[in-house]
Amino acid sequence: MGFESGTMGFRLFYLPRPLPDDAVKRFAAHAACGLDAIQAEESAGWVTGRHLLDRNITEDSITYAGYLRITLRQGQRKIPTSLLQAECRMEELAACAADGHAFVNRRKRAEIRDAVTERLLPNMPPQLKGIPLVHQPGANILYAGAMNDTQSDLLCARFLQTMGYHLIPVTPESAALSLRKVDVQDLLPVSFSPDVDDGLMEAQPGRDFLTWLWFKAESGRGNVPLPDIGELGVLLEGPLTFMHEGDGAHVIVLRKGEPIGSAEAKTCLLSGKKLKQSRLTFGLGNELWKCMFDADGFVCRGLTVPEEEGSLDPMSRFQARIRQLDRFRDMLFALYDRFLEERTDKAGWPGAKKKIREWAKARSSRV
């Protein structure tokens, strides 16, 4: 899933310092290998953002509409399991017939598997996949299609190998340090249920934020005022994922129907569970941004952004989409900054927490 068309899935990363002047040469030096060199062990290297076979990394090929656009390509040769099993079974039956035995032993079976793998693997087409990256030169944020921890770890490792320094994933913890110099580990766990003590909760600032945002949106009739942005329309919808590592079920997923107003959602809140994931919509004027948001890692899936009016050429359309992506990021960070402002207000937070608990207990629900 790239950034040029369709919905966007991404994770944010901080760049602790600007890319070096020789960044293009560094990417080129760690370019992906040719298709013939791809083996059974997965390899990873850089290609341009144009397609997964473009290993010609130059200033022109990785610069698009003023942005750095490059992809970390993963390649691997694999034998389909069903084919490997069938070929091995055929060889085992032939060995049984030749030796006059009813079966082959474990050692012989392993030898057959190794021989079949060695014979078939070179003829298997390489399987390719990529992690697209977009970065505006001079900015300290990078967008990457690293949708899970494995991809994120691989990207960070290859970036370190290429540039000599680490990417920093944007998480509730790192964002708090960047926005307000707040170490969230210094904040005590909090319960948003009147029936669960704070001491029984785990520290999960992302879930605290998303549950707080749910409260703000409902109590503000769908609007959350933000400095420099104005009245931001905020809507949370299902499917919803609740989590709390206490007694009973740790994870509850509510989908279909209207889970946001269901009796099950209210039960989750009152049992101490917090919202980990939901569909999130931001609205400004007639413009809408929609995505599936995972609060633990600030991961967005299926983001749709407002489309520019009129017919645009591909480059202009890409620029417009990234501008709208930047606006979404700014709104998300502004909301999180406001949450941190309330959460770190020692005098005001007890009252804010009380209001959230009253909302959780009193909010209407439908069976």
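The numbers here are math on the coordinates, done by the rules we state, and not lab data. Here the structure is a predicted model, which is why all the values come from computation and not from measurement. Virtual Cβ from ideal backbone geometry, glycine too; neighbours counted across all protein chains shown.
Things to note:
- The chain: most fluctuating residue of L120, L254, L52 per GNM, C-alpha cutoff 10 Å: L120
- The Rg/Rh ratio of region 10-53, with both radii computed over alpha carbons and Rh defined as the Kirkwood radius, is 1.04.
- When the Cα positions of L280, L187, T267 are compared along the charge dipole of the chain, T267 comes out farthest toward the positive end, with charges on each C-beta of Lys, Arg, Asp and Glu.
- Degrees between helix 349-362 axis and first principal axis of the chain (Cα, 0 to 90, nearest 10): 80
- Each label point was placed 7 Å from the Cα along the Cα-to-Cβ direction; for F103 and K129 their separation is 3.6 nm.
- For region 1-84, the C-alpha radius of gyration sits at 1.28 times the compact-globule guess of 2.2 N^0.38 Å, with N the residue count.
- Per residue convex hull volume, Cα atoms of the chain, in Å³: 207
- Helical content of the chain, expressed as a calculated mean residue ellipticity at 222 nm, amounts to -12000 deg cm²/dmol (DSSP H runs of 4 or more residues, -39,500 (n - 2.57) each, divided by residue number, nearest 500).
- Two-site label geometry, E118 and D183: point separation in nm, points 7 Å out along Cα→Cβ: 5.6
- Across K216/K346; K273/K355; K266/K354; K276/K361; K256/K290; K129/K256, pairs whose alpha-carbon gap is larger than 23 Å: K129/K256
- Since only P225, Y67, V253 are under comparison, the one whose Cα sits farthest along the positive direction of the charge dipole of the chain, derived from C-beta charges on Lys, Arg, Asp and Glu, is V253.
- Pair-distance profile P(r), taking every C-alpha pair of region 81-122, with 10 angstrom steps and integer %: 30, 55, 14, 0
- Cα-Cα separations in region 1-147 greater than 24 Å, expressed as whole percent: 49
- Sparsely packed loop sites in region 228-324 (the GluC sites (Glu not before Pro) outside DSSP H, G, I, E and B with at most 10 other Cβ atoms within 10 Å) comprise E309.
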